[in-house]
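Structure first, commentary second.
The values are calculated or read from the model by the stated rules, or taken from the named source; none is laboratory data. Everything quoted here is computed from the prediction, not taken from an experiment. All Cβ positions, even for glycine, are placed from backbone atoms using ideal geometry, and neighbour counts span all protein chains on display. These accessible areas exclude ligands, DNA and RNA; they are computed on the full protein's heavy atoms, side chains included. Shrake-Rupley method; radii C 1.70, N 1.55, O 1.52, S 1.80 Å.
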Amino acid sequence: MSTAQQVPDILSPEFAADPYPAYRVMREDAPLIWHQATESYIISRYEDVERVFKDKAGEFTTDNYDWQIEPVHGKTILQLSGREHAVRRALVAPAFRGSDLQEKFLPVIERNSRELIDAFRHTGSADLVTDYATRFPVNVIADMLGLSKADHARFHRWYTSVIAFLGNLSGDPEVAAAGERTRVEFAEYMVPIIRERRDSLGDDLLSTLCAAEVDGVRMSDEDIKAFCSLLLAAGGETTDKAIASIFANLLAHPEQLAAVREDRGLIARAFAETLRYTPPVHMIMRQSAHEVALSGGTIPAGATVTCLIGAANRDGDRYQDPDRFDIFRDDLTTATAFSAAADHLAFALGRHFCVGALLAKAEVEIGVGQLLDAMPDLRFADGFDPVEQGVFTRGPQSLPVRFTPVTG
């Protein structure tokens with residue numbers, strides 16, 4: 001097994017600036033690293049990360065979330081296993097697929113996207129991150145839950161604080177304290193709303209969660225609050241960065257942008273390839289249930305395992321020419337890219353596969369389609385070159401574009 005000294009450190013400025021060369025070194029020369037600073041074993045090959053996520057042999061748990069996310073969200077569905085997890089997932093999953101998604105929430109998505117685009121469609125310029133991507137998914141989730149979008153600034157501050165806490169690999173005490181404050185503030189905001197909604201159910205997602213029952217089990221106020229907190233953070237940050245990255249990737253490959261503009265059915269392909277090539281979440285942790293042998297060595301029982309999605313998704317043993325963005329590649333199956341049978345790792349896999357994957361797909365297909373309609377000759381602002389930022393989650397922080405406004 002390698003030590004972190006032999007490869008670029010995941011906490012170094014060089015890694016933050018561009019992790020992809022470091023990922024290549026890890027996959028090829030150091031597929032299992034003990035990283036002292038994070039007290040975790042780092043894995044980077046596709047076959048290993050896939051094995052951990054699918055966990056067919058019961059080798060890995062999500063016990064790491066007890067310390068990684070419970071301090072900011074409270075106890076969430078991510079920490080549960082077995083029957084308890086299956087029941088909780090059955091309570092929340094129907095809202096994110098099928099008729100509920102189609103009938104209740106597609107109009108919500110369409111309206112929120114249009115409202116944001118209306119603010120800049122006649123101006124000829126926008127920053128697709130600050131004017132659109134950071135606002136769109138949070139507004140959609142607030143609307144779905146029946147919360148006031150007037151509280152958008154608070155939601156955004158909260159989820160930014162939560163994501164900073166999750167990505168606080170260096171243990172900055174101020175980041176940790178801000179994350180824990182967010183848990184208190186969100187509970188003070190959310191629990192009274194949950195109690196009011198229980199007394200007066202509507203047709204929003206929060207009412208659905210309040211009323212949902214499976215095998216005699218209902219969600220407590222704390223369960224619902226924790227799930228809403230998780231939804232805001234996971235649904236906000238990831239879709240935000242995915243939309244920004246889709247446009248950064250397409251604008252850097254004009255022929256592929258032209259193809260998507262011509263055939264909107266390709267938006268899902270562009271999303272799937274973006275999830276592989278520049279995933280919003282670059283690392284997810286698990287914990288070993290017992291001693292496990294992976295590429296490069298053995299992980300002891302009870303150890304934290306840092307799964308490098310950003311590295312695994314560019315593994316040349318899994319993808320041909322992995323460092324090339326290609327929405328037409330034939331080794332990525334779009335039909336399954338938003339299900340637990342996905343052959344990229346950006347949504348994880350197995351029983352903890354992202355419950356909001358189809359919601360994210362709907363947001364991306366609608367949002368990207370509406371943006372392309374509003375911006376027919378979309379291009380980067382003069383002299384602008386997009387730069388990804390982040391380690392735990394990653395994407396462009398700014399994306400200024402120019403276009404000729406559509407008249408009429």
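Listing for the model above:
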{"read-out": "Spatially close lysines, pair count over the chain: Cα under 20 Å, gap of eight or more or interchain", "value": "5"}
{"read-out": "Accessible surface, per residue, of the chain when the full set of protein chains is kept, probe 1.4 Å, Å²", "value": "40"}
{"read-out": "P(r) histogram, all alpha-carbon pairs of the chain included - 20 Å bins from 0, percent", "value": "27, 59, 13, 0"}
{"read-out": "Solvent-accessible surface ranking, highest first, for Arg197, Arg286 at 1.4 angstrom", "value": "Arg197, Arg286"}
{"read-out": "Relative contact order (%) - criterion: Cα under 8 Å, at least six apart; region: the chain", "value": "26"}
{"read-out": "Convex hull volume per residue in cubic angstrom - Cα atoms of the stretch 228-311", "value": "128"}
{"read-out": "Residue among Ala244, His122, Ile141 farthest towards the positive dipole end of the chain, charges placed on Cβ", "value": "Ile141"}
{"read-out": "Electrostatic dipole magnitude of the chain [Cβ: Lys, Arg +1; Asp, Glu -1; Cα centre; debye, to 20]", "value": "560"}
{"read-out": "Solvent-accessible area of Thr333 with every protein chain in place, 1.4 Å probe, in Å² to the nearest 10", "value": "60"}
{"read-out": "Sulfur and carbon atoms: percent of accessible area, the chain [1.4 Å]", "value": "50"}
